[in-house]
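A.B. asks: Quick one: this structure, given as structure tokens, is what I'll be asking you about.
Just so it is clear, none of the values below were taken in a lab; they were calculated from the coordinates. Model, not experiment: these values are computed from the prediction. Because the Cβ atoms are built from the backbone with ideal geometry, glycine has one as well, and the counts that use them run over all protein chains shown.
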Amino acid sequence: MPTYVIGDIHGHLRTLERLLERMQFDAARDRLWLVGDLVNRGPDSLGVLRWARRHDAVVTAVLGNHDLHLLARAAGVRTSKQGDTLDGVLAASDREELLDWLRRRPFFHREGPFALVHAGLLPSWTLEEAASRAAELAAALQSAGSAETLEIIHCKDDRSRPDASEPARRWRALSSIFTRLRFCNRNGKPVYGFTGAPADAPDGRVPWFAVPGRQRRDATIVFGHWAALGLHLEPGVAALDSGCAWGGPMSAVRLPDLAVFQQPAVE
């Protein structure tokens with residue numbers, strides 16, 4: 001049963017549908033992994049969520065930073081940002097069902113020699129450690145206090161939440177790693193704030209997957225989030241955000257052979 005992995009969708013339902021046609025995806029036969037950021041920037045986030053939920057039996061999606069932003073807006077702990085295209089979801093009659101489905105997505109998924117995450121993993125983590133930390137964060141997000149968890153995740157620093165507990169600080173750090181990480185320093189510590197291509201990065205910043213001494217893993221990590229990196233395949237790594245949110249193509253790979261499929265943006 002083939003498994004296809006699709007990069008950041010960002011509300012581009014028509015491009016997604018064309019890509020599925022190009023891959024000859026068959027929901028009765030195939031499986032689909034999504035790297036997160038299903039929503040925002042594009043014209044039909046509502047349609048994408050409805051499509052994904054309708055195909056829940058064959059879809060495995062991890063949470064991205066834009067997905068968390070939608071959940072935070074719905075919970076009333078974050079306001080609209082410039083460029084948001086989430087109003088259709090927030091006003092939908094089935095919004096609660098869609099948001100509940102989204103909230104229950106994991107931050108990390110692994111099957112055999114392949115692992116799925118939105119942004120990245122700490123270079124020092126084993127896959128088992130990544131899975132454990134992702135499960136901890138997902139449990140906090142799915143708890144009765146999920147709104148508080150979302151507020152904590154989106155809090156900029158501890159100075160604005162002087163009462164932040166150690167678990168709260170940990171959740172914020174984990175959320176940033178799973179959904180926002182691009183660069184680390186050479187010691188493997190996350191460094192945020194620069195979103196460009198590796199060739200343009202300030203001195204001392206290294207792509208998280210290229211940090212010297214990164215834990216050897218028996219898996220290829222498939223991720224998105226990094227439009228400036230683009231489609232990037234190397235041993236142990238498959239990056240699939242090719243900038244669909246900015247007019248670029250939508251990219252996918254087939255597992256296990258990593259055959260590439262791309263669909264130009266459809267207006």
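A.B. asks: Could you give me D for the stretch 14-80, from Stokes-Einstein at 25 °C and 0.890 mPa s, where the hydrodynamic radius is the Kirkwood radius over C-alpha pairs? Units µm² s⁻¹, please.
C.D. replies: Value of D from the Cα-based Kirkwood radius: 189 µm²/s.
A.B. asks: Using Cα-Cα distances under 8 Å and only pairs 6 or more residues apart, what relative contact order does the stretch 1-103 have, in percent?
C.D. replies: Relative contact order here is 28 percent.
A.B. asks: Please report how far the C-alpha centroid of the stretch 68-106 lies from that of the stretch 9-58, rounded to the nearest whole angstrom.
C.D. replies: 17 Å
A.B. asks: Can you say what percent of the DSSP beta bridges in the stretch 180-244, counting only those with both residues inside, are antiparallel? Round to 5. It would help to have the intermediate numbers written out before the result.
C.D. replies: Numbers: 7 of 10 bridges.
That works out to approximately 70 percent antiparallel.
A.B. asks: From the list (1) 16.6, 48; (2) 17.5, 52; (3) 20.3, 81, can you say which value of Rg and Dmax of the Cα atoms in Å was derived from the structure given?
C.D. replies: (2)
A.B. asks: With a ≥ b ≥ c taken as the square roots of the eigenvalues of the C-alpha gyration tensor of the stretch 1-147, please select rounded if a/c is under 1.5 and otherwise prolate if a/b is larger than b/c or oblate if it is not?
C.D. replies: Oblate shape, in that a/c is at least 1.5 and b/c is the bigger or equal ratio.
A.B. asks: Something else about it: Using a 7 Å offset from the Cα along the Cα-to-Cβ direction at both Ala27 and Asp200, what is the distance between the two label points in nm, to one decimal?
C.D. replies: 3.9 nm
A.B. asks: Please arrange Asp257, Asp241 by how many other C-beta atoms lie within 10 Å of their C-beta, fewest to most.
C.D. replies: Values: Asp257 8, Asp241 28.
Final ranking by Cβ density, sparse to dense: Asp257, Asp241.
A.B. asks: Convex hull over the alpha-carbon atoms of the stretch 218-264: what's its volume per residue in Å³?
C.D. replies: Each residue corresponds to 59 Å³ of Cα convex hull volume.
A.B. asks: Ok, one more. Which value results when the Cα radius of gyration for the stretch 63-104 is divided by 2.2 N^0.38 Å?
C.D. replies: 1.06
A.B. asks: Something else now. Mind checking Rg over Rh on the stretch 112-266, alpha carbons, Kirkwood formula for Rh?
C.D. replies: That ratio is 0.98, to two decimals.
A.B. asks: If each of Glu97 and Ser132 carries a label point 7 Å out from its Cα toward its Cβ, how far apart are those two points in nm?
C.D. replies: Label-label distance for Glu97 and Ser132, simple model: 3.9 nm.
A.B. asks: Further question on the same structure: Just need the relative contact order of the chain here, percent rounded to a whole number, with Cα pairs under 8 Å and 6+ apart.
C.D. replies: 24 percent
A.B. asks: Using only the Cα atoms of the stretch 98-158, build the gyration tensor, take square roots of its eigenvalues as a ≥ b ≥ c, and label the shape rounded, prolate or oblate: rounded if a/c is under 1.5, else prolate if a/b is larger than b/c, else oblate.
C.D. replies: The shape class here is oblate.
A.B. asks: Related question: Can you pull the one-decimal nm distance between simple spin-label points at Ala173 and Thr3, each 7 Å off the Cα toward Cβ?
C.D. replies: For the pair Ala173/Thr3, the computed spacing is 3.0 nm.
A.B. asks: Shifting gears a bit: If you take the beta carbon distance between Glu166 and Arg104 as r and set R0 to 30 Å, what does 1/(1 + (r/R0)^6) give as a FRET efficiency, to the nearest 0.05? Display every interim value, and only then the final one.
C.D. replies: Values: r = 25 Å, r/R0 = 0.85.
Efficiency, from the Cβ-Cβ distance: 0.75.
A.B. asks: If you don't mind, another one. Provide Ser93, Ser45 in ascending order of the number of other Cβ atoms located within 10 Å of each residue's Cβ, fewest first.
C.D. replies: Ser93, Ser45
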